[in-house]
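Each remark here refers to the structure printed beneath this line.
The values are calculated or read from the model by the stated rules, or taken from the named source; none is laboratory data. Quick caveat: nothing in here was measured; it's all calculated off a predicted structure. Every residue, glycine among them, receives a Cβ derived from its backbone with ideal geometry; neighbour counts consider all protein chains shown. All accessible areas refer to the heavy atoms of the entire protein, side chains included, with ligands and DNA or RNA removed. Shrake-Rupley method; radii C 1.70, N 1.55, O 1.52, S 1.80 Å.
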Amino acid sequence: MAKKLYIRSFGCQMNDYDSEKMADVLHAAYGTEATDSPDDADIILFNTCSVRENAQERVFHHLGRLRQLKEGRPDLVIGVGGCVASQEGETIVRRAPYVDVVFGPQTLHRLPQLIEDRRSSGLPQIDISFPSIEKFDHLPHARVEGGAAFVSIMEGCSKFCSFCIVPYTRGEEVSRPIEDVLTEVAGLAAQGVKEVTLLGQNVNAYRGRLADAEVDLAFLIETLAEMPGILRIRFTTSHPREMTARLIEVYGRVPKLVSHLHLPVQSGSDRVLAAMKRGYTVLEYKSIVRRLRAVRPGLSLSSDFIVGFPGESDADFEATLELVDELGFSDSYSFVYSPRPGTPAAALADDTSREVKEERLARLQQKIEAQDLAARKRMAGGVERVLVEGPARKNPTDLAGRTACNRVVNFAGPARLIGGYAEVEITAAMAHTLRGEWLEAREDA
Ligand code: SAM
Ligand code: SF4
Ligand code: F3S
């Protein structure tokens, strides 16, 4: 009987992507199949995140609950991967001795070997090294479901923003060879994938080599747009410092590049941006958005914000709200600053109370939600081409699709539309989604 695997992801899109790769690696090695229940699983993996304290502590809380399971079933394999694993290494086994394997984001392809070594030695195995890009050479071909797929094109981060743990957990920026990326996307297209999302911690820092020349994300996008079968291209997450003139121009030239960009700004105050070591000013950020919208009117923008960074004054925070008013964001990931041990900002004096920070966060989130709702209401009456992802979440007799600007539309339609494009008229804006009416399926558009 095939073994059952339970994986839980605690982190970002890269973390989700890595979880899929873990499933692929174990499927290739043991024929494991996924289960939604830890009680049924032969292997349980936690793919952890350490970007904020909460995320980190949740892992230990959930691990604690596995102890009993392991006592009843000593053959159960428990693994901890991801960014907490990378940072804590052996500490995890000390805090939770029933953990069998600890591995980092760059060593997940070694999982089968680590599990074998655990069995033969009887000792927990820990490998949190950074063997560069080796991982990609050892991953089996992805199992594709549906019309959209993620493709990791670079790993790590070399920016060292003063608040952030990621450069320490994921290592420095390394790009995959462009030939490998092109081969992977061609393979996906041959399996029916129409939409690719290029992934990387700072995906627009991508630097590949072709013959003797350096090639960038702009080149990669233009090349992928020529590939038969690929109809939509997305990328995430991008860094404002890497938003080059060449990349901005691509928005004017390549209609297959979607009209949505996630471009984290973090704050609307130059003082705070400097203390964060972000490497751009508010004016520079605004100039990027202005130039993008000049070549791509209607581009929808989403962002990340940190509220309550040490020393953030009321005036600094008001500047963030002003920026939001001025640019208009469709969505955001916004959180109260969480000090991460070992990062420079953790040593900064911070005299803003938790209450004030929470209140700032609520104001920011309300503003962005109101902007998003207004933007979605403006879409009513229009027709959108959506990639149909599957049954709708709340009402599974409906279908859910995603617009080019990354909004979810629920509508009634036949299941055969799943995995293809459909033309949908937007009829209403709901709290977080859109309601639509199916006009016609254009699977081969
Ligand atoms: N590389 C991307 C960038 O710079 O735009 C962001 C990747 S990071 C994993 C995702 C987000 O987590 C950041 O944009 C930031 O808003 C948030 N984040 C990182 N460190 C944080 C901290 N110490 N406290 C709160 N939020 C944090
Ligand atoms: Fe963290 Fe900054 Fe790197 Fe983004 S660019 S992952 S926020 S260090
Ligand atoms: Fe978390 Fe690591 Fe992603 S810290 S946000 S899982 S890069």
Counting DSSP beta bridges in the chain, what percent are antiparallel, to the nearest 5? 40 percent
If I compute solvent accessible area with a 1.4 Å probe over the protein chains, what percent of it on the chain is carbon and sulfur? 51 percent
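Give me Rg over Rh for segment 210-368, both radii from the alpha carbons and Rh done the Kirkwood way, two decimal places.
1.03
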Over segment 47-112, consider all pairs of different Cα atoms and compute the Kirkwood hydrodynamic radius from their mean reciprocal separation; express it in Å, one decimal. 12.1 Å
Considering amide H positions built from the backbone, and no H for Pro or chain starts, which residues 5 or more places from S302, or on another chain, come under 5 Å of its amide H? L261, H262, L263, S330
Relative to the compact-globule estimate 2.2 N^0.38 Å (N residues), the Cα gyration radius of segment 151-204 stands at a ratio of 1.36
Apply the Debye scattering formula to segment 184-293, with a single equal point scatterer on each alpha-carbon and no solvent, then give log10 I(q)/I(0) at q = 0.10, 0.15, 0.22 Å⁻¹. -0.33, -0.69, -1.24
Take A28 and A245, extend 7 Å from each Cα along the Cα→Cβ direction, and tell me the distance between the two endpoints in nm. 4.3 nm
Just grab the label-to-label distance for V408 and E179, each label 7 Å out from Cα along the Cβ direction, in nm (one decimal). 4.1 nm
Could you give P(r) for segment 304-345, binned at 5 Å from zero, as whole percent values over all Cα-Cα pairs? 5, 19, 25, 24, 15, 8, 4, 0
Provide, as a two-decimal number, the C-alpha radius of gyration of segment 13-140 over 2.2 N^0.38 Å, N being how many residues it has. 0.98
Extension gain, S129 back to K277 (0.36 nm per residue minus Cα-Cα distance, nm): 50.6 nm
Taking the dipole about the Cα centre of the chain, with the C-beta of Lys and Arg at +1 and of Asp and Glu at -1, give me whichever of M430, L292, A225 is farthest to the positive side. M430
Suppose every Lys and Arg Cβ carries +1 and every Asp and Glu Cβ carries -1, with no other charges. What dipole size does the chain come out with about its Cα centre, to the nearest 20 debye? 400 debye
Taking only the Cα atoms of segment 355-445, how large is their convex hull per residue, in Å³? 94 Å³
Looking only at trypsin sites (Lys or Arg not before Pro) in DSSP loops with at most 13 other Cβ atoms within 10 Å, what is the longest site-free stretch of the chain? 144-392
Once the dipole of the chain is set up with Lys and Arg at +1 and Asp and Glu at -1 on Cβ about the Cα centre, which of N54, Q191, F329 lies farthest towards its positive end? F329
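Computed FRET efficiency, Cβ-Cβ of S121 and S158, R0 45 Å: what is it to the nearest 0.05?
The formula returns an efficiency of 0.80 here.
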When only alpha-carbon atoms are used, what values of Rg and Dmax, in angstrom, describe segment 79-129? 9.7, 27
Throw me the Rg/Rh for segment 284-408, computed over C-alpha atoms with Kirkwood Rh, two decimals. 1.06
Along its three principal axes, how long is segment 1-56 when you only count alpha carbons? Whole Å, largest extent first please. 39, 22, 12
Accessible area per residue for the chain in Å², computed with a 1.4 Å probe and the full protein assembly in place, what is it? 44 Å²
Residue separation times 0.36 nm, minus the C-alpha to C-alpha distance between R363 and D75: what's the value? 98.7 nm
Semi-axes, largest first, in whole Å: what does sqrt of 5 times each Cα gyration tensor eigenvalue give for the chain? 34, 29, 23
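Rounded to the nearest 0.05, what FRET efficiency is calculated for E355 and R65 with R0 set to 41 Å and r the Cβ-Cβ distance?
Efficiency for this residue pair is about 0.80.
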